[in-house]
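Let me begin by presenting the structure, written as structure tokens, before commenting on it.
Just so it is clear, none of the values below were taken in a lab; they were calculated from the coordinates. In this text the structure is predicted, and so the values were computed from the model without any measurement. Backbone-built Cβ (ideal geometry, glycine too); neighbour counts: all protein chains shown.
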Amino acid sequence: MEILPFLLWPFIASLILTGIHAYLGVHVVERGVIFVDLALAQIAALGATIAILVGMDPHGRGAYWLSLAFTFVGAAIFAFARTRRGHIPQEAFIGIAYAVASATAILAMSKATGETEHLKDMLVGNILAVDKHEVIRTAVLYGMVGLFHYIFRHRFLMISTDPAEAEARGMNIRFWDFLFYASFGFVVTSSVAIAGVLLVFCYLIVPSVGAMLFADRVGPRLAIGWTMGTLVSALGVYFSVLGDLPTGAAIVCTFGAVLVVMFFVQVVFFHGHKAKTLEGASSLPNPKEATTQRSHS
């Protein structure tokens, strides 16, 4: 019990990360843009590198807002990367953005010798270093993002799960895509600073994938994802203390191990059930094709 005060705020931070990322992960998996988190994280890192180059405090407000501005640029790119003709997957644009942002950050870091340790801290993260004020500030920010998504949940879910229907109803898909990725950018910019890219990616994708093994509807997926994220966070922190291991890496490995167990449980007990095929929303629907599909159905 002596270690409980030391682990309290990191554990609360992991629960906050679970809450927002498990929800966003449902959208990401449905849209088929699995690596958008890594791409936006790298774009945010590029913004932080530029902030260091121009002499800003890497932990100051100026660097944060510049990094956030870069993620907004990335959000605009991803929103407008949807092509009406599906021959160019949106994931291709995301991969290109990640590669270009990474190369540009490397070039910028070569001119910022002596300060790159701060950028490394942001990319790798150290969830054990979070304090009460940082956790509360992050909780407020994620609460605002969560409220925004709750208010417009029907629009976001329709675009993620049935973009053809969303367009048929006259929704401006690219505009709502931008709002989605911009809000995503707020979350990623803060999360990476706390937990690092790998852990944030796991919180985003693994609970959603684990939930999809057992549920098709959004509500049950969220319940399973949040439960999984909470249990894995507790186990990961426990294993890190037990084995004197880096907490972030311990949670990532625990996520992987639990997902493997869930997969085998699904195979053994639910083998006869067929998983739903995900078409995703990587491209805007072609109105002629949508009309043809409706006429045949």
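Structure notes:
- Taking a ≥ b ≥ c as the square roots of the eigenvalues of the Cα gyration tensor, segment 152-244 is oblate, since a/c reaches 1.5 or more and a/b is not larger than b/c.
- Extension gain, Arg174 back to Ala99 (0.36 nm per residue minus Cα-Cα distance, nm): 24.7 nm
- In this simple spin-label approximation, Leu107 and Ala92 carry label points 7 Å from Cα along the Cα→Cβ vector, and these lie 2.3 nm apart.
- Within the shell of other residues whose beta carbon sits under 11 angstrom from the beta carbon of Leu8, the net charge comes to 0, with Lys and Arg scored +1 and Asp and Glu -1.
- Approximate spin-label separation Phe239-Val73, in nm, with each point projected 7 Å along Cα-to-Cβ: 3.9
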